[in-house]
Amino acid sequence: MAADPREAIAGVRWWHVIELAPGVVTPGAWDLRPTAELMPWPASLSGARCLDIGTMDGFWAFELERRGAAEVVAIDVGETDHARLKWRPGPVPRRPDLGDTFRLAADLLGSRAEYRELDVYDLDPDEIGEFDVVVMGFVLQMLRDPLRGLEAVRSVCRGHLILVDTVSRPLSLLPSPLARLDARRDGREFFVFNPRGMRKALELSGFEVEAMTRMFRDTYAPPPEPVSLSTRLMHGLGTRGFSVAARARRRL
């Protein structure tokens with residue numbers, strides 16, 4: 001473990017805000033700590049085997065450990081296959097530190113969470129086993145085929161799936177399960193559901209929804225990449241930046 005966490009994280013590109021020690025946090029864009037308090041967790045994670053899908057820097061993996069998980073496997077795709085970049089025109093941007101930030105944070109925290117490079121579509125119980133709790137945080141919107149992704153998750157989930165994802169506030173005003181293609185209108189993400197659409201996607205994929213939160217505002221700092229004026233306006237007007245979390249159990 002590094003002797004000085006502040007020195008270890010300096011100059012490193014972070015996506016998540018992760019508290020490494022009292023008063024020491026990574027300078028990431030997304031602060032998921034308030035979201036973690038809103039999640040519809042199972043009654044206990046004590047002794048659970050857990051999976052974190054789309055881990056990035058590892059916030060949810062370390063949160064699962066903090067809440068009592070006995071074993072955590074964290075997965076993310078390889079850099080050139082990163083799902084949210086697949087259909088963007090032009091050269092694929094690279095993030096050479098993908099996986100490195102997870103390992104650095106795990107070292108500083110003394111975490112035993114295991115990082116694996118694995119696509120959600122390739123989840124196989126014969127290869128990775130089954131899990132009591134699966135967390136899928138802001139991944140569904142990045143999948144070209146969200147139902148196929150959820151079906152793959154179901155194959156390794158013997159207990160609960162905790163799904164949190166961006167939802168469309170305008171579409172939530174309509175009484176039907178809906179999704180909009182090209183979630184951010186810039187080719188980086190595929191779908192954004194309304195809450196009814198999220199529930200229906202889970203049900204069609206073989207899950208029984210036990211609990212869903214109301215829409216809540218995301219908590220983020222200035223992002224690491226430039227944000228357009230239209231995006232800032234949509235956040236300011238309250239038409240973007242909302243999420244919903246659900247707890248679902250695999251339907252037998």
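The values are calculated or read from the model by the stated rules, or taken from the named source; none is laboratory data. Here the structure is a predicted model, which means the values were calculated and not measured. Cβ coordinates were reconstructed from backbone atoms using ideal geometry, including for glycine residues, and neighbour counts include every protein chain displayed. Please note that ligands, DNA and RNA were not included when accessible areas were found on the heavy atoms of the full protein model with its side chains. Shrake-Rupley method; radii C 1.70, N 1.55, O 1.52, S 1.80 Å.
Would you confirm, using the coordinates I've provided, whether S172 is under 18 Å from the mean Cα position of the chain (by Cα), surrounded by 15 or more Cβ atoms within 10 Å (Cβ to Cβ) and among the hydroxyl-bearing types (S, T, Y)? So S172 does not fit the description; no. Could you list, in sequence order, the residues of the range 9-26 that are in a loop (DSSP other than H, G, I, E, B) and either open to solvent by less than 10 Å² (accessible area, probe 1.4 Å) or touching a residue at least 60 places away in the same chain (Cβ under 8 Å) (or both)? If the condition is that a residue be in a loop (DSSP other than H, G, I, E, B) and either open to solvent by less than 10 Å² (accessible area, probe 1.4 Å) or touching a residue at least 60 places away in the same chain (Cβ under 8 Å) (or both), then V12, R13, W14, W15, V17, I18, T26 are the ones that fit. Checked against (1) open to solvent by 30 Å² or more (accessible area, probe 1.4 Å); (2) touching an Asp or Glu at 6+ places or on another chain (Cβ under 8 Å); (3) among the aliphatic types (A, V, I, L, M), A70 meets all criteria but (2). Just to be sure, is V139 under 24 Å from E63 (Cα atoms), touching a residue at least 60 places away in the same chain (Cβ under 8 Å) and open to solvent by less than 10 Å² (accessible area, probe 1.4 Å)? No.
For (1) more than 29 Å from T213 (Cβ to Cβ); (2) assigned to a loop (DSSP other than H, G, I, E, B); (3) open to solvent by 10 Å² or more (accessible area, probe 1.4 Å); (4) at pLDDT below 95, each residue gets a yes or a no:
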position	(1), (2), (3), (4)
T80	yes, no, yes, yes
P89	yes, yes, yes, yes
Y121	no, no, yes, no
D126	yes, no, yes, no
V133	no, no, no, no
R148	no, no, yes, no
H160	no, no, yes, no
V164	no, no, no, no
D186	no, yes, yes, yes
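Please determine, by comparing only the residues of the range 46-67 that are open to solvent by 30 Å² or more (accessible area, probe 1.4 Å) and in a loop (DSSP other than H, G, I, E, B), which one is nearest to P27 (Cα to Cα). Among those residues, the one meeting the criterion is R67.
The single condition among (1) among the basic types (K, R); (2) at pLDDT below 95; (3) open to solvent by less than 70 Å² (accessible area, probe 1.4 Å) that R217 does not satisfy is (3).
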